[in-house]
Amino acid sequence: MIEKIDHIGIAVANLEEAMKPYLDFLFVKKEGVEIEEVSDQKVKVAVFHVGPNRIELLQSTTPDGTIAKFIEKKGEGIHHLAIRVKDIEKALAELKGKGIKLIDEKPRLGAGGAKIAFLHPKSTGGILIELTERKED
Ligand code: ZN
């Protein structure tokens, strides 16, 4: 059911500024970075492809968005870990059956057209876990 770590989501205050060190240490050209706005989650995302994995920098598009609130409380940094699954609806149903608390009972639309759903950190050792189902790679 689990395929791999899909991406690491990092909360940043300013996407343009935050991208700079990543371009350097990941040896990526700016044209190679996918930038996308995900209105459902009120974020602007910069996707860095790192071999078979991804790092997503997330900037809030509104002052009351979850990323803005996270930065207010904890500062910029790692926000969530995303795990790719084959069938997200099935995974959510199984996890619910195991008593895992879900933030999203049903998947929503994430960056790159992925289906995503968050699990509650209370059930996952304090880490915000996102399940991701996507077609590509
Ligand atoms: Zn994510």
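The values are calculated or read from the model by the stated rules, or taken from the named source; none is laboratory data. All figures in this text were calculated on a predicted structure; none of them were measured in a lab. Please note: Cβ atoms are built from the backbone with ideal geometry, for glycine as well, and neighbour counts cover all protein chains shown. Each accessible area value is taken on the protein alone, full model and side chains, heavy atoms only, with ligands, DNA and RNA left out. Shrake-Rupley method; radii C 1.70, N 1.55, O 1.52, S 1.80 Å.
Summary table below
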| read-out | value |
| --- | --- |
| For peptides 5-13, 122-130, sequence by mean Cβ density within 10 Å, most packed first | 5-13, 122-130 |
| Centre separation in Å (Cα based) which lies between segment 39-66 and segment 117-137 | 15 |
| Percent of alpha-carbon pairs separated by more than 13 Å within segment 22-83 | 66 |
| Helix 15-25 axis, angle to the chain major axis (alpha carbon atoms, nearest 10°) | 80 |
| Vicinal HN-Hα couplings computed from phi for segment 27-36 (Karplus, 6.51 cos²θ - 1.76 cosθ + 1.60; Hz; Gly/Pro x) | 6, 10, 8, 4, 5, x, 9, 8, 10, 8 |
| Scattering curve values for the chain, log₁₀ I(q)/I(0), Debye with Cα scatterers, q = 0.13, 0.20, 0.22 Å⁻¹ | -0.54, -1.26, -1.46 |
| Assigned charges on the beta-carbon of Lys, Arg, Asp, Glu; segment 13-66 dipole about Cα centre (debye) | 160 |
| Proximal charge balance of Ile5 [Cβ under 10 Å; K/R count +1, D/E count -1] | +1 |
| Only Lys, Arg (+1) and Asp, Glu (-1) charged, at Cβ; the chain dipole about Cα centre in debye | 480 |
| Between helix 88-97 and the chain: long-axis angle, C-alpha atoms, 0 to 90°, nearest 10 | 50 |
| Accessible area (Å², per residue) of the chain, counting only protein heavy atoms and a probe of 1.4 Å | 57 |
| Carbon/sulfur fraction of accessible area - segment 1-121, other protein chains in place, 1.4 Å, % | 56 |
| Cleavage-rule hits, trypsin sites (Lys or Arg not before Pro), segment 1-58, DSSP coil, Cβ neighbours within 10 Å at most 15 | Lys29 |
| Mean Cα-pair separation over length for the chain, i.e. relative contact order, pairs under 8 Å, 6 or more apart, % | 26 |
| Estimated 222 nm signal from helices in the chain, with DSSP H stretches of n ≥ 4 weighted -39500 (n - 2.57), rounded to 500 | -6500 deg cm²/dmol |
| Of Lys86/Lys115; Lys42/Lys135; Lys4/Lys90; Lys86/Lys122, those spanning more than 21 Å from alpha-carbon to alpha-carbon | Lys42/Lys135; Lys86/Lys122 |
